[in-house]
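Student: Okay, handing you the structure first.
The values are calculated or read from the model by the stated rules, or taken from the named source; none is laboratory data. All values reported here derive from a predicted model rather than from experimental measurement. Note that we place each Cβ from the backbone using ideal geometry, even for glycine, and neighbour counts take in every protein chain shown.
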Amino acid sequence: MQSEKAVKMEANMKLGSLVAATVLALLPATALAQQESALDKIKKSGVIKACIAQLAPESFKDAKTGEWHGVTIDLLTELAKWMKVKFEPVEVKWDIAVLALKRGDCDMFGGSFVFNAPRAMEVNYIYPFYKKGVNFIVSKSGKQSFAAPEDFNNPRATIAVVAGSGDHETARRMFPKANILALSVNSNIQLIESVRRGDADAAYMSTFTVRWWLAIPENAAWAKIAFPGQDLFSSPNGWAVRYGDPDWKAFLDGFSQWAVSSGTVQALYDTYFDRTNPFK
């Protein structure tokens, strides 16, 4: 016969096994097994799905054809060609770009995310392939004048930004006293209309875009860059993926580093700025 101690030990072991089995039964399947890497999924499906939000010169649509163009579009096309898979763009607005990535609408954000800490808490940035600054487009006949960037940090200034973009976060952080007019638009170029109407004193966007847009004579006739020769608040920019997928991130980190070191990224920026103005 078993001793009383042995009987208790056997009972406790059975109870422990029952509890463990119950817990395992309640856990979702994804918690029991490591989630499949996006890299493995792409290998099987033959398709890279990349969320894209419009922003020149990285990712913008031809108004007539609807075709995508830009630095990151060309990089994604080159990546897909190299991997022997298809690149499928998934258009999103800036204010839901992070949400779209996190809920699995795409395998990566393939536009151009400028680094900021709040966004980095939600998505995993890939090794940056460039850095860019911002500036302001203002009206030549504006009621207020701004001699320096810090002059915008006052309650009388209204700055138009794309809602949910990196520029939105930077503007709130750098100009906490200003009125930030956050607009849910498809492209940062749409901000400029708020300046033309007088709803905002300035449109806040990348210096690249400002210079491009002002290269059109009819635009330069009424608007100007607020601080010529300056590139304000430069920050690294690039792609992002969901947290918890180290294989996919490592793969894209490697590609981004190759694109930088090979001169591919700089050549694309030079090409899009010097030879291809989407506003012409």
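Student: Report yes if Arg211 is out of contact with any Lys or Arg (no Cβ under 6 Å at 6 or more places or on another chain), among the basic types (Lys, Arg), in contact (Cβ under 8 Å) with a residue 24 or more places away in the chain and closer than 17 Å to Lys224 by Cα, otherwise no.
Tutor: Answer is yes for this residue.
Student: Please go through the range 72-95 and pick out each residue that is closer than 19 Å to His168 by Cα and either modelled with pLDDT of 95 or more or touching a Leu at 6+ places or on another chain (Cβ under 7 Å) (or both).
Tutor: Val92
Student: Return the total of residues in the range 188-245 being modelled with pLDDT of 95 or more, small (Gly, Ala, Ser), under 24 Å from the mean Cα position of the chain (by Cα) and crowded, with 23+ Cβ neighbours inside 10 Å.
Tutor: Residues flagged as modelled with pLDDT of 95 or more, small (Gly, Ala, Ser), under 24 Å from the mean Cα position of the chain (by Cα) and crowded, with 23+ Cβ neighbours inside 10 Å within the range 188-245 amount to 4.
Student: Report, by residue number, each residue of the range 84-96 that is surrounded by fewer than 24 Cβ atoms within 10 Å (Cβ to Cβ) and outside any loop (DSSP other than H, G, I, E, B).
Tutor: Answer for the range 84-96, where residues must be surrounded by fewer than 24 Cβ atoms within 10 Å (Cβ to Cβ) and outside any loop (DSSP other than H, G, I, E, B): Lys86, Phe87, Glu88, Pro89, Val90, Glu91, Asp95, Ile96.
Student: From Thr65, Thr30, Thr22, grab the single residue that is at pLDDT below 95, farther than 27 Å from Phe255 by Cα and not in a helix (DSSP H, G or I).
Tutor: Numbers: Thr30 fails: not in a helix (DSSP H, G or I); Thr22 fails: not in a helix (DSSP H, G or I).
Exactly one residue qualifies, and that residue is Thr65.
Student: Kindly establish whether Asp253 is buried (at least 20 other Cβ atoms within 10 Å of the Cβ), at pLDDT 95 or above, closer than 29 Å to Lys49 by Cα and assigned by TED's automatic domain parsing to the domain that holds Asn116. Spell out the reasoning first.
Tutor: Numbers: buried (at least 20 other Cβ atoms within 10 Å of the Cβ): no; at pLDDT 95 or above: yes; closer than 29 Å to Lys49 by Cα: yes; assigned by TED's automatic domain parsing to the domain that holds Asn116: yes.
Criteria not met by Asp253.
Student: Something else now. Quick check on my filter: what residues within the range 56-78 are among the polar types (S, T, N, Q) and over 13 Å from Tyr272 (Cα atoms)? It would help to see each step written out before you state the result.
Tutor: Start the filter on the range 56-78 by keeping residues that are among the polar types (S, T, N, Q), which leaves 59, 65, 72, 77.
Those that are among the polar types (S, T, N, Q) and over 13 Å from Tyr272 (Cα atoms): Thr65, Thr77.
Student: In the range 59-81, which residue that is in contact (Cβ under 8 Å) with a residue 60 or more places away in the chain and among the hydrophobic types (A, V, I, L, M, F, W, C) is nearest to Leu268 (Cα to Cα)?
Tutor: In this case the residue turns out to be Val71.
Student: Kindly list, by first and then second residue, each pair from a residue in the range 117-128 that is in contact (Cβ under 8 Å) with a residue 40 or more places away in the chain and among the polar types (S, T, N, Q) to a residue that is crowded, with 19+ Cβ neighbours inside 10 Å and part of a helix (DSSP H, G or I), limited to pairs with Cβ atoms under 6 Å and residues at least 6 apart or on different chains.
Tutor: Asn124/Lys249
Student: I would also like to ask the following. Residue by residue through the range 172-208, note down the ones that are in a helix (DSSP H, G or I) and within 19 Å of Ser139 (Cα to Cα).
Tutor: Asn188, Ile189, Gln190, Leu191, Ile192, Glu193, Ser194, Val195, Arg196, Arg197, Thr207, Phe208
Student: Something else now. Restricting to the range 98-124, count the residues that are surrounded by fewer than 24 Cβ atoms within 10 Å (Cβ to Cβ) and out of contact with any helix residue (DSSP H, G or I) (no Cβ under 8 Å at 6 or more places or on another chain).
Tutor: The qualifying residues number 9.
Student: Under 7 Å between Cβ atoms, at least 6 apart or on separate chains: pull out the pairs that start in the range 217-240 with a residue that is of a type in the set (Lys, Arg) and end on any residue that is at pLDDT 95 or above.
Tutor: Close Cβ pairs (under 7 Å, with a partner that is at pLDDT 95 or above) amount to Lys224/Val138; Lys224/Lys140.
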